[in-house]
There are 2 protein chains.
Amino acid sequence: MQAVNLEEKFSSFSDYWNPKIVGELNGQVVKIARIKGEFIWHKHDMEDEFFLVVKGRMQIKLRGEEVSINEGEFYIVPRGVEHKPVADEEVWILMFEPESTLNTGDVMNERTREDIERI
Amino acid sequence: MQAVNLEEKFSSFSDYWNPKIVGELNGQVVKIARIKGEFIWHKHDMEDEFFLVVKGRMQIKLRGEEVSINEGEFYIVPRGVEHKPVADEEVWILMFEPESTLNTGDVMNERTREDIERI
């Protein structure tokens, strides 16, 4: 039995915007991702989404507003709210979501990841 | 709209083993607690429990085993597994749990906290 070291997990891959599952509990998953640049506008109709910044600083654009999330801070995007994650520099994020949550929400395109790897 | 700063939240109280809710999503809650010393043996029959160490280092004793969780590490205690959290020095932890999770699981005693404060 061993704890999961976040730094080790983040260091085990290098692609951006490609979340990995690092834990599962109560029908929810713990995902991590390295992000850099701009993601797409999307929303999740049925799921709230938790973003914790482990390293760096990101913004979540909402229609008409913007939330900055610094290292050691989290933000919960409520279901149904359109949002667009943005990271000027590389950011490491931890997410807590239902297993069913799709990274691009209501949008399906080349950035959609359907078979999330467990690492 | 503002992110939640974990350091600020942890600094806003000082009691040990008294979890506070700092976020809610998808029927789950995000709780934080300052812990020091030994907790009691207990288990959660229906709920897996996620512990992320934000500051310090803790142990989770399991029957016949022990897991160390250092800063930046997490561990998920599966439902039904008896465990006893221990912290030699003060530790700050973040937990993800269903709203229904009781801190002392199947044990009700003076350490049980039923009305968890939202901060």
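The values are calculated or read from the model by the stated rules, or taken from the named source; none is laboratory data. All of these numbers come straight from a predicted model, not from anything done at the bench. Ideal geometry is used to build each Cβ from the backbone, glycine not excepted, and the neighbour counts take in all protein chains shown.
Per-structure values
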read-out: B:Phe51 of a type in the set (A, V, I, L, M, F, W, C) and over 21 Å from B:Pro98 (Cβ atoms); value: no
read-out: Candidate set: segment B:34-47, residues that are farther than 27 Å from B:Ser11 by Cα and in contact with an Asp or Glu (Cβ under 9 Å, 6 or more places away or on another chain); chosen: the one nearest to the other protein chains (Cβ to nearest Cβ); value: B:Glu47
read-out: Given (1) among the charged types (D, E, K, R); (2) outside any loop (DSSP other than H, G, I, E, B); (3) within 14 Å of chain A (Cβ to nearest Cβ); (4) without any contact (Cβ under 8 Å) to a residue 60 or more places away in the chain, number of the condition B:Arg79 does not satisfy; value: (2)
read-out: Any hit, segment A:2-11, residues being surrounded by 15 or more Cβ atoms within 10 Å (Cβ to Cβ), touching a residue at least 60 places away in the same chain (Cβ under 8 Å) and more than 9 Å from chain B (Cβ to nearest Cβ); value: yes
read-out: Members of segment B:30-46 found to be within 17 Å of A:Gln28 (Cα to Cα), of a type in the set (A, V, I, L, M) and either in contact with a helix residue (DSSP H, G or I) (Cβ under 8 Å, 6 or more places away or on another chain) or modelled with pLDDT under 95 (or both), listed by number; value: B:Met46
read-out: B:Gly64 within 11 Å of chain A (Cβ to nearest Cβ) and among the small types (Gly, Ala, Ser); value: yes
